[in-house]
1. Considering only residues that are assigned to a helix (DSSP H, G or I) and either among the aromatic types (Phe, Trp, Tyr) or buried (at least 23 other Cβ atoms within 10 Å of the Cβ) (or both), which ones fall in the range 177-188?
2. Among residues belonging to the range 153-168 that are out of contact with any Phe, Trp or Tyr (no Cβ under 6 Å at 6 or more places or on another chain) and modelled with pLDDT of 95 or more, point out the one that is most open to solvent (accessible area, probe 1.4 Å).
3. Please state which of the following conditions TRP145 fails to meet, knowing it meets all the rest: (1) open to solvent by less than 50 Å² (accessible area, probe 1.4 Å); (2) in a helix (DSSP H, G or I); (3) touching a residue at least 60 places away in the same chain (Cβ under 8 Å); (4) aromatic (Phe, Trp, Tyr).
4. Any residue in the range 227-243 that is on the phi > 0 side of the Ramachandran plot sitting within a Cβ distance under 7 Å of a residue that is of a type in the set (Ser, Thr, Tyr)? List the pairs, counting only those 6 or more apart or interchain.
5. Condition test on ILE51, is it among the hydrophobic types (A, V, I, L, M, F, W, C), surrounded by 14 or more Cβ atoms within 10 Å (Cβ to Cβ) and more than 17 Å from the chain's Cα centre (by Cα)?
6. Specify which of the listed residues (VAL114, VAL44) is more than 14 Å from LEU21 (Cβ to Cβ), out of contact with any His (no Cβ under 8 Å at 6 or more places or on another chain), touching a residue at least 12 places away in the same chain (Cβ under 8 Å) and crowded, with 20+ Cβ neighbours inside 10 Å.
7. Show the residue pairs meeting these rules: Cβ distance below 9 Å; 6+ apart or different chains; first residue within the range 1-30 and under 11 Å from TRP95 (Cβ atoms) and in contact (Cβ under 8 Å) with a residue 24 or more places away in the chain; second residue loosely packed, with under 12 Cβ neighbours inside 10 Å and not charged (D, E, K, R).
8. How many residues does the range 94-118 hold that are in contact with a Gly (Cβ under 9 Å, 6 or more places away or on another chain), in a helix (DSSP H, G or I) and not small (Gly, Ala, Ser)?
Amino acid sequence: MIEKQDYSRYTDEDRQVWQLLFDRQMTLLPGLASSAYIEGIAKVGFRRDRIPHFDEVNEALAKHTGWQLVVVPGLIDNKPFFELLLNKKFPATTWFRKLAELDYLEEPDMFHDVFGHVPLLTNQDFCNFLSGLSNIALEYIDNEWAIELISRLYWYTVEFGLINDAEEGLRIYGAGILSSSGESVYCLGEQPLRVPFNVEDIINTPYIKDKFQEKYFVIDSYRQLYDSLPEVARVIKKHVSVSMA
């Protein structure tokens with residue numbers, strides 16, 4: 001399953017895709033994205049003119065949280081996915097979408113995996129949440145319903161979460177938004193519903209894959225995510241018990 005990033009295989013089109021998407025998002029995100037994310041971009045050394053090299057990114061991450069990127073071919077099964085996260089390893093692809101697919105891609109590519117996710121891997125509370133959620137998931141790895149509920153929590157936080165910072169106000173931290181120019185603007189606009197982070201509410205909200213989200217959950221801090229883990233464990237246990245009754 002685990003592969004290596006072959007940096008020599010990147011094409012001129014790959015480099016162009018990275019630069020176009022990087023420039024587009026970095027024009028949009030200041031003032032929209034969480035400062036922890038913006039600061040994380042600098043911490044891991046992302047540049048418009050250079051596709052990230054995983055070895056270099058891992059050196060930077062090691063200094064901040066000890067997390068590492070590992071190469072996977074694409075979407076992987078639940079068990080290896082959560083096992084990697086539990087062990088402070090974030091799975092990422094190394095292939096890029098084509099120029100004709102800049103705005104939407106069904107399966108996450110390297111721009112989503114790396115530009116969207118990696119900067120926040122410099123934030124310890126966020127990383128602790130990822131590990132803790134994975135630990136809960138592995139307890140229920142053979143229970144499809146429990147994994148579905150945990151996947152909703154991951155979806156509405158790690159992928160499509162918003163944060164209401166006391167100093168900054170409403171900001172984006174979810175990677176699915178941060179790697180999408182359209183949703184970066186839409187999620188903070190007037191149309192979607194935004195509600196406070198609530199574990200029970202989230203697990204009762206099926207996720208949406210084929211269009212912008214209709215509802216976003218807003219945390220007050222990254223520490224709130226980590227502190228919610230005991231409640232997550234309790235709520236998942238309750239729902240699993242009900243489903244088996």
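1. Hits for the range 177-188 are ILE177, LEU178, TYR186.
2. Narrowing the range 153-168 to residues out of contact with any Phe, Trp or Tyr (no Cβ under 6 Å at 6 or more places or on another chain): 153-154, 157-160, 164-168.
Still in the running and modelled with pLDDT of 95 or more: 153-154, 157-160, 164.
Values: LEU153: 2, TYR154: 25, THR157: 0, VAL158: 2, GLU159: 24, PHE160: 19, ASN164: 74 Å².
So, considering only residues that are out of contact with any Phe, Trp or Tyr (no Cβ under 6 Å at 6 or more places or on another chain) and modelled with pLDDT of 95 or more, the one most open to solvent (accessible area, probe 1.4 Å) is ASN164.
3. (1)
4. So the pair list comes out empty.
5. Against the criterion (among the hydrophobic types (A, V, I, L, M, F, W, C), surrounded by 14 or more Cβ atoms within 10 Å (Cβ to Cβ) and more than 17 Å from the chain's Cα centre (by Cα)), ILE51 qualifies.
6. Unique residue meeting the criteria: VAL44.
7. Matching pairs, first to second residue: VAL17/LEU99.
8. 2
The values are calculated or read from the model by the stated rules, or taken from the named source; none is laboratory data. Remember, it's a predicted structure, so these values are computed and weren't measured experimentally. Cβ atoms come from the backbone with ideal geometry, glycine included; neighbour counts cover every protein chain shown. Calculation scope for accessible area: heavy atoms of the full protein, side chains included, ligands and nucleic acids excluded. Shrake-Rupley method; radii C 1.70, N 1.55, O 1.52, S 1.80 Å.
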